[in-house]
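Here's the structure we're looking at; comments come further down.
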Amino acid sequence: MNDLEIRKVVKEELNNIAPEVDLAAIDPAADLREALDIDSMDFLNFVTAIHHRLGVDIPELDYPKLITLDGAVAYLAARLGSIKKQ
Amino acid sequence: MPSLGADMEAGKLVEWLVKPGDRVKRGDIVAVVETQKGAIEIEIFETGRIEQILVGLNTEVPVGTPLARIQTELEAMAGTAAAAPPPSAPAVPVAAPPSMPAPVAPSPPPAPLPPLAAPAAAARARVSPAARRLAEAHAIDLATVTGSGPAGAIVYADVERRLGAPVARAEKKRAPGLDLDAMRTAIAAAMARSKREIPHYYLEHQVDVTASEQWLASINAARPPDGRLLIGALMIRSVALAARRFPAFNGFYRDGKFEPSRAVHVGVAIAIRGGGLAAPALHDADHIPLDELMARMRDLVQRTRSGRIRSSEISDPTITVTSLGERGVETLYGIIYPPQVAIAGFGRVVTRPWVVDGAIGPRSVVSITLSADHRVSDGHAGALFLAEIGRLLQEPDKL
């Protein structure tokens with residue numbers, strides 16, 4: 001899965017949480033919690049959905065790496081890459 | 001049509017999930033009703049067979065109107081044709097006024113809402129609870145008011161007209177689901193009533209929740225995302241356990257007296273995108289295991305935000321918890337949701353310099369507030385209740 005595909009999955013799942021937000025208009029370096037007005041329950045649902053779709057289990061300690069769109073894509077790409085190598 | 005809120009007068013039936021002949025059991029969802037709070041799933045209170053649907057789709061009927069007739073198992077065995085009560089929520093008054101030629105629940109469950117002020121005589125016009133309250137507030141004799149509701153029932157707008165006040169109504173949208181304007185109207189009505197009727201007192205307590213955070217981190221590290229716990233679950237649990245020990249904060253105030261509740265159903269204040277708020281109940285939050293409490297909380301938040309609350313969840317919270325989450329401010333003071341008598345508020349968890357064993361260090365601290373009804377309890381009891389919540393959060397493994 002390449003970065004574009006990962007970005008598509010991430011955006012789809014964020015869209016499920018914040019359907020009224022135009023993700024194309026969001027700064028990819030902005031804090032998603034602020035930009036999308038999501039709370040800890042929303043974020044947990046997002047992490048759960050990503051786990052189910054991509055098979056990446058994101059530990060709580062890594063949550064800070066996912067708080068921007070770019071950060072989430074880079075993190076997931078790295079994790080998927082390391083899973084593939086194993 | 002069950003009453004799903006202190007100021008609900010009528011509801012519109014938008015979906016039937018059963019048809020005549022269907023077997024139903026207590027707790028089944030049988031219909032969807034559109035109210036100011038959004039679409040509410042109506043649970044049935046009896047086990048039996050649907051005999052007749054009495055209210056058609058997209059029909060608005062006043063609270064108390066039977067929606068369907070069911071034959072209970074007992075009746076079926078006895079071979080009687082007696083009718084069972086309409087689908088209703090536990091703890092919701094559904095009994096029809098005497099003027100209605102309709103089945104009445106054999107033993108209506110206790111109502112969490114102020115019942116009609118006076119036992120209506122058979123000939124007396126039907127009056128919605130909201131209209132009655134408005135009339136009482138302005139000393140209006142209801143005999144002088146002309147009813148425009150079904151069967152001449154007096155509704156809120158009739159009393160407003162009598163007062164010469166403008167009839168302000170939230171615009172009703174057709175689609176079931178969330179109507180944020182109507183929800184705002186419902187919040188306004190409930191909160192205005194609370195501020196009018198309930199003498200609130202407020203307490204605040206700062207609590208070190210480092211132990212809770214560390215315990216959660218260690219538990220969650222070994223779990224996949226769908227099994228993880230949030231600190232919100234610990235907050236709800238600690239309030240539920242404290243409420244069981246301090247019954248003066250758990251129950252309903254109605255008819256001029258407090259009725260403590262044995263069950264602890266914690267209303268969870270849930271913000272809805274776009275500016276809505278609802279506080280449906282997490283039933284028996286003091287008894288279910290923490291993992292199940294968390295799973296139910298996730299389900300409740302998800303359903304509330306998509307506009308699928310169940311009738312019992314909207315009508316029977318015995319105490320409410322409101323939490324600002326990780327992006328809020330440090331302290332909030334809640335407004336009691338009538339007829340409840342207390343609301344606990346949690347601010348954002350912040351890192352603060354704190355003295356532990358004589359040394360200053362960084363700790364995770366949360367402000368817990370209590371807004372409680374002075375007709376029922378005093379600050380002394382409230383302080384003990386808040387301290388108990390704080391104490392429970394020191395031993396998260398026991399929650």
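The values are calculated or read from the model by the stated rules, or taken from the named source; none is laboratory data. These figures come from a predicted structure and were not determined experimentally. Note that each Cβ is placed from the backbone with ideal geometry, even for glycine, and that neighbours are counted across all protein chains shown. All accessible areas refer to the heavy atoms of the entire protein, side chains included, with ligands and DNA or RNA removed. Shrake-Rupley method; radii C 1.70, N 1.55, O 1.52, S 1.80 Å.
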Item to complete: May I ask you to list the aspartates and glutamates whose Cα is less than 18 Å away from that of B:Lys25, ignoring any residue fewer than eight positions away on the same chain?
Response: B:Glu41, B:Glu43, B:Glu46, B:Glu51, B:Glu73, B:Glu75, B:Glu313
Discussion item. Based on the alpha-carbon set only, what is the convex hull volume of chain A divided per residue, in Å³?
Written reply: 83
Worksheet entry | Residue-count net charge about B:Glu259 - beta-carbon cut-off 15 Å; Lys, Arg +1, Asp, Glu -1 | +1
Worksheet item: Which whole number gives the average, over all residues in B:321-329, of C-beta atoms from other chains lying within 10 Å of the residue C-beta?
Response: 2
Worksheet entry | In Hz, Karplus ³J(HN,Hα) per residue of the range B:371-386 (6.51, -1.76, 1.60; θ = phi - 60°; x = Gly, Pro) | 10, 9, 8, 6, 6, 10, 9, 10, x, 4, 5, x, 5, 5, 4, 5
Discussion item. Residue by residue through B:219-225, how many Cβ atoms from other chains fall within 10 Å of the Cβ on average?
Written reply: 5
Worksheet entry | Bridge type composition, the range B:262-399 - antiparallel percent by DSSP, nearest 5 | 70
Item to complete: Return the residues of the range B:268-301 for which accessible area with all protein chains present is lower than in the chain on its own by 30 Å² or more; set the probe to 1.4 Å and exclude ligands, DNA and RNA.
Response: B:Arg273, B:Arg298
Item to complete: State, in square angstrom and to the nearest 100, the accessible area buried between chains A and B, both chains counted, probe radius 1.4 Å.
Response: 1700
Practice prompt. Mind checking which of B:His374, B:Gly361, B:Gly347 is farthest towards the positive end of the range B:297-399's charge dipole, using Cβ charges of +1 (Lys, Arg) and -1 (Asp, Glu) about the Cα centre?
Written response: B:Gly347
Practice prompt. Quick one: dipole size for chain A, taken about the Cα centre, charges +1 on Lys/Arg Cβ and -1 on Asp/Glu Cβ, in debye to the nearest 20.
Written response: 580
Response to the item:
Using alpha carbon centers only, the range B:265-290 is separated from the range B:23-76 by a whole-angstrom value of 24
Discussion item. Just to be sure I understand the model, the point goes 7 Å from the Cα along the line to the Cβ. What's the resulting A:Lys65 to B:Glu197 distance in nm?
Written reply: 5.4
Discussion item. Helix A:69-85 against the longest principal axis of chain A: what's the angle in degrees, Cα atoms only, rounded to the nearest 10?
Written reply: 20
Worksheet item: Got a sec to turn the phi values of the range B:263-273 into Karplus ³J(HN,Hα) couplings, 6.51 cos²θ - 1.76 cosθ + 1.60 with θ = phi - 60°, whole Hz, x for Gly and Pro?
Response: 7, 10, 10, 8, x, 10, 6, 10, 6, 10, 3
Worksheet entry | Residues with amide H under 5 Å from that of B:Ile270, placed H, sequence gap 5 or more | B:Ala278, B:Ala279
Worksheet item: Using the alpha-carbon atoms, what tilt in degrees (0 to 90, nearest 10) does helix A:40-54 show relative to the longest principal axis of chain A?
Response: 40
Worksheet item: What does the charge dipole of the protein assembly as shown about its Cα centre add up to, to the nearest 20 debye, if the Cβ of each Lys and Arg holds +1 and the Cβ of each Asp and Glu holds -1?
Response: 640
